[in-house]
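Report on the structure given below.
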Amino acid sequence: MAEARRVNRMWRNMNAKIAAIPMVLTTLVVFVGGTFWTVLYSFTDSKLLPRERFIGFDQYERLWSNSRWLTSIENLMIYGVLSLVFTISIGFLLAVAMDQKIRYEDTFRTIMLYPFALSFIVTGLVWQWILNPEFGIQSIVRSLGWETFTFNPLNDPKLVLYGLLIAGLWQGTGFVMCLMLAGLRGIDEDIWKAARVDGIPTWKTYLLIILPMMRPVFITTLVIVAAGIIKLYDLVVAQTSGGPGTASQVPAMYVYDYMFQAQNLGQGFAASTMMLLTVLIVLIPWAYLEFGGKKHG
Amino acid sequence: MKTFKLATALVASVALPSVAFATDLEVTHWWTSGGEAAAVAELAKAFDASGDKWVDGAIAGGGGTARPIMISRITGGDPMGATQFNHGQQALELVEAGLMLDLTDVAEAEGWKEKVFPQSLLDSCTVDGRIYCAPVNIHSPEWLWLSNKAYADAGLPVPANWNEFVESAPQLEAAGKIPLALGNQPWQSNLAFGAISIAVAGLDVWKEVNVEKNMDMAAGAEYAAVFQAVADARSLAAKSTVQDWNQATNLVITGEAGGQIMGDWAQGEFQVAGQVAGTDYTCLPGLGLNAYLSTGGDAFYFPKNKSADIEAAQKRLAALLVSPEAQVAFNLKKGSLPIRGDVDLAAANDCMKKGLELLAQGNLVPSGDMAWSPDVQKQNEDLLVEFWKTDMAPEAAHAQWVSNLKSGL
């Protein structure tokens, strides 16, 4: 009997399983296969074309003694933490503001979401001009009478990351707001009514009841935003091209530059393997908490 | 007899069209600015006139963007008819992997060995004694462009060399000008370093390091002086806040900046702005100290195709690119120097003539693209942009630079 039941389960839902085969194959060959291939060739001295001459950890040694790479990692950390905290908190606050049954909500929502329709390249260029001291904010404020006003983040190695952050937030918060708003709308009206009957203040309801209920929305947002941060590339290329100096370099730029401009595939592969590790370090504990816990519980 | 004639006529009618058959040849390149596009159009016109068809495959965004696309098409089995690269090691591995068409027979038939000048251009197309590319122009990066207006505004004479430029910088700055315009893109810092190193260290030292690869010389006092000179120069460029090279050139054109170190392609910008060499702007090849030009430039490579028709057309195009007529038409529009000494560029402007003169005297050095692999070049680019844009110590940068060079030995 047990045997028959197992067979049954295997053959159940055949249509869906057959339909999933192409995607499963794509995942196995392109994503998993490609990943293994990349990791393998990061141990070779491949230049323009891949070749199987293994040199151990040399590429990694060179990578971790390269000051540009170290700057990239540091930048990614700072940008990543700030970007996560600000997009999610600003996005949530905006969603709460939207949720107050205001007039013209559709109009506001469209305005907020508009930047997300622009690519990072356009965003980067727009903010490059806005933050440019000769054409942007600085010159406008100066023309209003504040002659000594200085605001030139993109040319100051210490501030350039925040210049990028402003552009990133401008582009991304609208989208996070929409996700959050959908989450807020998914909460049953009765909960609000119950909270009101119990006399709980609105802010407390949001903080202690609604926020915990929106956990799945937060996790989705977190994964989307975090993935966007790690692959951050086009915004930096368009806005600062990694400068001034190497002050706004990010790992993805290092990977691309070394694979294609420097024609040193091995070095690029080593760097992209390190990026993969970063993702795994974030993802594995999360996946363990999210899925592992349920199995035991 | 009559049947024989008929037969030959029939054969000819079948055979002839295949000889005169126009072959489409896709040509990829990254020449997309106004002057560059006009120059490419000259080549396309000449090729179309010869009976074939030039299918233009311009890729915008500069060499750094275009080269990866070209390389992935060639290695991915979708080769174009012809493609631009810079002279040197950029396409070396593709040649070694047997992906490029051997042009030796064209070169011999056309006498490239005797006609191409300087000879180093052809040498950098040669791998194991076979020729794989057709050089089309020479571009030299070692120029200092000065704004006559900026110096007139400050009441100063226009400097005649780099040392005078550095000396006059404080007065220029006092007059509210940026002494040195420098864009933020990494390659511009690298270019400025290259120009200053030939000017300050001199040709012999430069050759010893970059051609003979003498690493003791690279670590020595001569190059320490170069790094010191760059450290001095970076404070002159501190107020320059633009990204692209042409924005920096624009600062010189409008007289907001005193000068810019940039390749001879900057000339196109001055021309478009209606400025006249000598009266509105001044150019100093080799920064006015060591009037040497490095002879980098562009060359066309022909990836191997399966079809024999295409291969024949590729060879026709290779011959055409080096021909005197194409050289004159192309280089006048491009503002670059021709790759053969036997053509007449009477219409050239003052700055181009200065370049031609140096070329004729043979004051030439090979370009960095020829001397070092792209990997070493990229590492140095990273290092130098950091050096120019931060307050990194010259000694630290020097040490790192030597170790970068060593990784390419």
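All of the numbers you see were taken from the coordinates with simple rules; none came from a lab. Nothing here was measured: the structure is a model prediction, and the numbers come from that model. Cβ coordinates were reconstructed from backbone atoms using ideal geometry, including for glycine residues, and neighbour counts include every protein chain displayed.
If the chain between A:Ile121 and A:Ser143 were fully stretched, how many nm would it gain, using 0.36 nm times the residue separation less the Cα-Cα distance?
So the extension gain works out to 5.0 nm.
Can I get the semi-axes of the stretch A:159-251's equivalent ellipsoid? Compute them from the C-alpha gyration tensor as square roots of 5 times the eigenvalues, in angstrom, largest first.
Values: eigenvalues 295, 32, 19 Å².
Over the Cα atoms of the stretch A:159-251, the semi-axes work out to 38, 13, 10 Å.
Using amide H atoms built in the peptide plane, which far-off residues or other-chain residues are under 5 Å from B:Glu26 H to H?
Under 5 Å from the amide H of B:Glu26: B:Val55, B:Gly81, B:Ala82.
Ordered by packing density, taken as the mean number of other Cβ atoms within 10 Å over each peptide's residues, highest first, how do B:118-127, A:136-145 rank?
Listed from highest to lowest mean packing, they are B:118-127, A:136-145.
Mean separation of Cα pairs under 8 Å and 6+ residues apart, divided by the residue count of the stretch A:1-153: what relative contact order is that in percent?
Details: 54 pairs, mean separation 10.8, N = 153.
Computed value for the stretch A:1-153: 7 percent relative contact order.
What residues have an amide H closer than 5 Å to that of A:Leu48, excluding those fewer than 5 places away on the same chain, when H is modeled at 1.01 Å from N in the peptide plane?
Residues meeting the criterion, in which the H sits 1.01 Å from N, are A:Leu265.
Just need the relative contact order of chain A here, percent rounded to a whole number, with Cα pairs under 8 Å and 6+ apart.
So the answer I get is 29 percent.
Would you kindly derive the ³J(HN,Hα) couplings of the stretch B:282-299 from the backbone phi angles with the Karplus curve 6.51 cos²θ - 1.76 cosθ + 1.60 (θ = phi - 60°), listing them in order in whole Hz, with x for Gly and Pro?
10, 10, 10, x, x, 6, x, 9, 10, 6, 10, 10, 8, 9, x, x, 10, 9
Counting each DSSP H run of 4 or more residues in chain A as -39500 (n - 2.57), what helix-only mean residue ellipticity at 222 nm follows after dividing by all residues, to the nearest 500 deg cm²/dmol?
Values: 15 runs with 191 residues, N = 297.
About -20500 deg cm²/dmol.
On a straight-distance basis, which lysines could pair with B:Lys353 in a cross-link, Cα separation under 19 angstrom, same-chain partners fewer than 8 positions away excluded?
Result set, ordered by chain and number: B:Lys333, B:Lys334.
Using helices alone, what [θ] at 222 nm do you get for chain B, with -39,500 (n - 2.57) per DSSP H run of 4 or more residues, divided over all residues and rounded to the nearest 500?
The helix contribution divided over chain B gives -16000 deg cm²/dmol.
Please average, across the residues of B:240-248, the number of beta carbons from any other chain that are within 10 Å of each residue's own beta carbon, and give a whole number.
Mean inter-chain Cβ contacts per residue within 10 Å come to 3.
What's the longest piece of chain A with no exposed chymotrypsin sites (Phe, Trp or Tyr not before Pro), counting a site as exposed if DSSP puts it in a loop and it has at most 12 other beta carbons within 10 Å?
Longest run free of exposed loop sites: A:147-297.
Using the Karplus curve 6.51 cos²θ - 1.76 cosθ + 1.60 with θ = phi - 60°, what ³J(HN,Hα) values do you get for each residue of the stretch B:191-196, in whole Hz, with x for Gly and Pro?
Each residue of the stretch B:191-196 in turn: 4, 5, 4, x, 5, 5 Hz.
Along the stretch B:245-253, what does the Karplus equation 6.51 cos²θ - 1.76 cosθ + 1.60 (θ = phi - 60°) give for ³J(HN,Hα), rounded to whole Hz, x for Gly and Pro?
So the J values, rounded to whole Hz, are 5, 6, 5, 5, 4, 4, 4, 6, 4.
For B:Lys389, which lysines qualify as cross-link partners when the Cα separation must be under 25 Å and same-chain residues fewer than eight apart are set aside?
Those lysines meeting the cut-off are A:Lys158, B:Lys177, B:Lys239, B:Lys378, B:Lys406.
Against the 2.2 N^0.38 Å scaling, with N counting residues, where does chain B land? I'd like the Cα-based Rg ratio to two decimal places.
It is 1.08.
I need to check one value: relative contact order of chain B, counting alpha carbon pairs closer than 8 Å and at least 6 residues apart, in percent. Each step should come with its number before you reach the end.
Values: 693 pairs, mean separation 105.5, N = 409.
Contact order relative to length: 26 percent.
Computed FRET efficiency, Cβ-Cβ of A:Thr202 and A:Tyr288, R0 35 Å: what is it to the nearest 0.05? Intermediate results must be reported in sequence, preceding the final value.
On the way: r = 36 Å, r/R0 = 1.02.
Using R0 = 35 Å, I get an efficiency of 0.45.
Loop-only trypsin sites (Lys or Arg not before Pro) in the stretch A:1-99, please: DSSP not H, G, I, E or B, and at most 11 other Cβ atoms within 10 Å. Can you show the working numbers first?
On the way: sites: A:Arg5, A:Arg6, A:Arg9, A:Arg12, A:Lys17, A:Lys47, A:Arg51, A:Arg53, A:Arg62, A:Arg68; in loops: A:Arg12, A:Lys47, A:Arg51, A:Arg53.
Qualifying residues, ordered by number: A:Arg12, A:Arg53.
Give me P(r) over the protein assembly as shown, computed from all C-alpha to C-alpha distances, binned every 10 Å, as integer percentages.
3, 12, 20, 22, 18, 12, 7, 4, 2, 0, 0, 0
Expressed as a whole number of Å, what is the distance separating the alpha-carbon centroids of the stretch B:111-150 and the stretch A:95-174?
Using only Cα atoms, the two centres lie 46 Å from each other.
Counting only residues 5 or more places away or on other chains, whose amide H sits under 5 Å from the amide H of B:Ala58 once H atoms are built in the peptide plane?
B:His29
Can you compute the radius of gyration and Dmax for the stretch A:68-296, using only the Cα atoms, both in Å?
In order Rg, Dmax, the Cα atoms of the stretch A:68-296 give 20.9, 68 Å.
Cα to Cα, under 18 Å, and not fewer than 8 places away if on the same chain: which aspartates and glutamates meet these conditions relative to A:Lys17?
none
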